[in-house]
1. Determine the order of A:Glu147, B:Glu9, B:Glu130 by accessible area, beginning with the largest, at a probe radius of 1.4 Å.
2. Using label points projected 7 Å from each Cα along Cα→Cβ, tell me how many nm separate B:Asn94 and A:Gln142, to one decimal.
3. How high is the relative contact order of the stretch B:1-105, in percent, counting Cα pairs under 8 Å that sit 6 or more residues apart?
4. For label points placed 7 Å from Cα toward Cβ, what is the shortest-first list of nm distances from B:Thr80 to its copies?
5. Obtain the radius of gyration and the Kirkwood radius of the stretch B:18-71 from its C-alpha atoms and give Rg over Rh.
6. For peptide B:37-44, compute the average count of partner chain beta-carbon atoms within 10 Å of each residue's beta-carbon.
7. How are the Cα pair distances of the stretch B:103-203 distributed, in percent, across 10 Å bins from 0?
8. Using C-alpha positions alone, give me the convex hull volume of the protein assembly as shown per residue in cubic angstrom.
Number of protein chains: 2
Amino acid sequence: MSEQEQSTEEKILAAAEETFVKDGFEGARMQNIANKAGINKAMLHYYFRSKEMLFEKIFEMKSKFFFPAVKDMMKREDTTFIEKMEEFVEGYINFLTRYPFIPFFVVRTVNSSGTQGFIEKLPFKAQLAESVFISYQKDREQGVVAEIDPNQFLISVIGMCVFPFLGKPILKVVFEMEESNFESMMRSRIPELKLYIRKILTP
Amino acid sequence: MSEQEQSTEEKILAAAEETFVKDGFEGARMQNIANKAGINKAMLHYYFRSKEMLFEKIFEMKSKFFFPAVKDMMKREDTTFIEKMEEFVEGYINFLTRYPFIPFFVVRTVNSSGTQGFIEKLPFKAQLAESVFISYQKDREQGVVAEIDPNQFLISVIGMCVFPFLGKPILKVVFEMEESNFESMMRSRIPELKLYIRKILTP
DNA sequence: TTACGAATTAACCAAATGGTTAAACCAATT
DNA sequence: AATTGGTTTAACCATTTGGTTAATTCGTAA
């Protein structure tokens, strides 16, 4: 059985992830997590001292992926800035389609008043922005990319990718979509955003 | 005193708004709201039967403004689609700058598993999307606007405006910003987004 | 086999929370 | 002055929640 091959700690983490992602920190119930993991509630405190510490563990694991690791992509010499940003959009949307809960989980946590201090543990400080900036400057000097504000542009691209996942329940109502419609909409969103990027960045 | 001129109901609503917006439904405490309003906790249940009903009232008031009322703007005959979208960005960002908590409040509520049923009460069903679509089609027929997907474009523009407010705590860390820096960044974001819109939509 | 430490459980606890109730207050009406 | 009806309060209640504890099980090394 695949269930038995999981250690107790892994079972707890899996159950906690599911619960915290769905209900948030305040909404999550320790008993609920224990039930989902098929163990006694006391075990949660045995492996992780408190609800806070368990949550911290999950958040640390998940937040790593809110901003993807694009350092290597940005450093490549054989692609233009435009191509890099197109690649970024495709990779990011595909990733978020697989883990659609991460954006909301991260955004809720960093905005929540009850869970201060988590922001400091964000692992993407100065990773993404700087590599994008350098990559842009190189192309700009050669005049192969239009003059824009790279920081504003980066925020815009991320916003265009992430927002549909944050506003998904709203979009489903506004555009009268089922789950399958949303997925196909996100699929066709990739070439659409690539088009926008190319139009904005072409000199 | 301005405090005494407020009726008890107004005091409750003001305190509830502040608390719910900051802590969300599950995080908010009735006792906290009562203290903030300077009244007895039983009064909350006297004026609004339950926590759910009080929250519903606040959410209804706030969610109206998540998607701004742009119907009239979109129906104007003397502006092009490009100009309308530029005007939209300027108005929306200015609005969100004044009420920067609304996006997160709405997004958290519609995504929360504990507060189902509130989405149905969203007042913007088919208001925004349809008026934008019609406005685009008119210009498209005259060839004065590029061929894009108007729905995807609308989601993109909203995402570019809203995302900075949702990710504000993260952006402040990533770009090492203070509150004042964030504000000036949002100010300079308006012409930047207008530039993007013009580049995307110019045929 | 025994001993020992880690893993696991059932029962329990104190605090917090949303909600209720009965009594008191207060202004207007009779 | 007495009555009435809405408003306000203090005290109370049942339930839930995160967390603890003491006892038990289990694997393993001596």
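The values are calculated or read from the model by the stated rules, or taken from the named source; none is laboratory data. Because the structure is predicted, anything quoted here is derived from the model rather than measured. In this analysis, Cβ positions are derived from the backbone assuming ideal geometry, glycine residues included, and neighbour counts consider all displayed protein chains. The area values use the complete protein model at the heavy-atom level, side chains included, leaving out ligands, DNA and RNA. Shrake-Rupley method; radii C 1.70, N 1.55, O 1.52, S 1.80 Å.
1. A:Glu147, B:Glu130, B:Glu9
2. 4.2 nm
3. 25 percent
4. Nearest first, the other copies' label points are 2.5 nm away.
5. So for the stretch B:18-71, dividing Rg by the Kirkwood Rh gives 1.06.
6. 0
7. 12, 32, 31, 22, 3
8. Roughly 172 Å³ of hull volume per residue.
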